[in-house]
Amino acid sequence: MSEGAGPWRPEALPQIEHNEISPRGFEILEFSGRGPLSGLSCSMIQPSELIEPSDWIEIVSELESWGEVPDPQSIVHVSTSDHVRGPIANLRSETEWVAEFLPWGADGLLRKRVNSYPESCDLPCGGYSWNGSEVISIRKEVEQNTNSRELLLDAFEHGSMKDAEEILRECGRDLGSVHSYVEGIRVTPADPNRWNSRVSELEEALNAHSIWRAPYSSDSECMVCIGD
C-alpha cells in the first residue's frame, strides 16, 4: 500500500527515513515538517500489501488479537478501499468482516471502551494490537440502515425544517443516553497540564491562536467517543 498516498497521510509533511521496526506485513512511516511546520512530526503504521488472503494471514501473524475476530485461515477473499481515517479491508469467509486499519494508532484503551459502551452503539467486535496500541478494529459487516447524517441532509434538500429539527432532537437524546450510560466509567484526562501543554505547542508550531479554548481541567466536560 506504500505506492499510493492514502487520504489519511499528512500531505503537508514530507516523509523521512527511519529505523523503526514494524510487525510483519506492516510498514512504519515517519513524517517531519519543513519551514514553518518544522516543529511538527508524526509516525504512522500501515499494511505493506493486502491483495490476497495470504497477505491477511501475514498481517495478523505478529499481532495480539482481542474480542471476536475471523480465523485468518478461513478468509477466502479480500478487497480494500481508502478512508480518511485509514485503509479498510473487507474480508470474506463464512461471515463478512470489515477490518479498519488505524494508521495513527490508538491509546490502548479501545477494548476497554468497547466493553463499557451500550450495545446500541456501533462498536467493533474485536481487533488487533501491537506494542499495546490498537492497529486494527474488526466489525461484522451488517446491512447499514440510513444514518442520521443522510436523513438530515435529505431533510435540508427538501426544505423540511420540522423533520431536520426532529432528527437533531433524536440525535441529542441518543447522545445523552450514551453519556449517561458511561458517565460513571469515563473521566476526563487525569493529566490536563500535559494536554494543555501539547495543545499550546501545536498552536505555536502552526502560529495559531485558539482564542475560544479555555484550559482543560479534571472537571472539564467532554464529548465521549469510542476512540477508533
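Among 117, 181, the ranking by other beta carbons within 10 Å of each residue's beta carbon, starting with the fewest, stands as 181, 117.
Shown for 167, 136: other C-beta atoms within 10 Å of each C-beta, ranked fewest to most, produce the order 167, 136. Ranked by the mean number of other Cβ atoms within 10 Å of their residues, highest first, the peptides 98-108, 68-78, 151-161 fall in the order 98-108, 68-78, 151-161. The label point for residue 154 and the one for residue 65, both projected 7 Å from the Cα toward the Cβ, are 3.8 nm apart. Once backbone amide H atoms are built at 1.01 Å from N, residue 106 has 134 as its partners under 5 Å, excluding neighbours fewer than 5 places away on the same chain. Overall size of the stretch 1-108 from C-alpha positions, given as principal axis extents largest first: 52, 24, 23 Å. Scanning residues 5 or more positions from residue 48 or on other chains, those with amide H under 5 Å from its amide H are 26, 27, with H placed 1.01 Å from N in the peptide plane.
Charge tally around residue 25: other residues with Cβ under 10 Å, Lys/Arg +1 each, Asp/Glu -1 each, net -4. 3J(HN,Hα) along the stretch 81-88: 8, 9, 9, 4, 8, x, x, 10 Hz, from the Karplus curve 6.51 cos²θ - 1.76 cosθ + 1.60 with θ = phi - 60°, whole Hz, x for Gly and Pro.
No lab work stands behind these numbers, since they all come straight from the coordinates. Since we're looking at a predicted model, the values are computed, not measured. All Cβ positions, glycine included, derive from the backbone under ideal geometry; neighbour counts span all protein chains shown.
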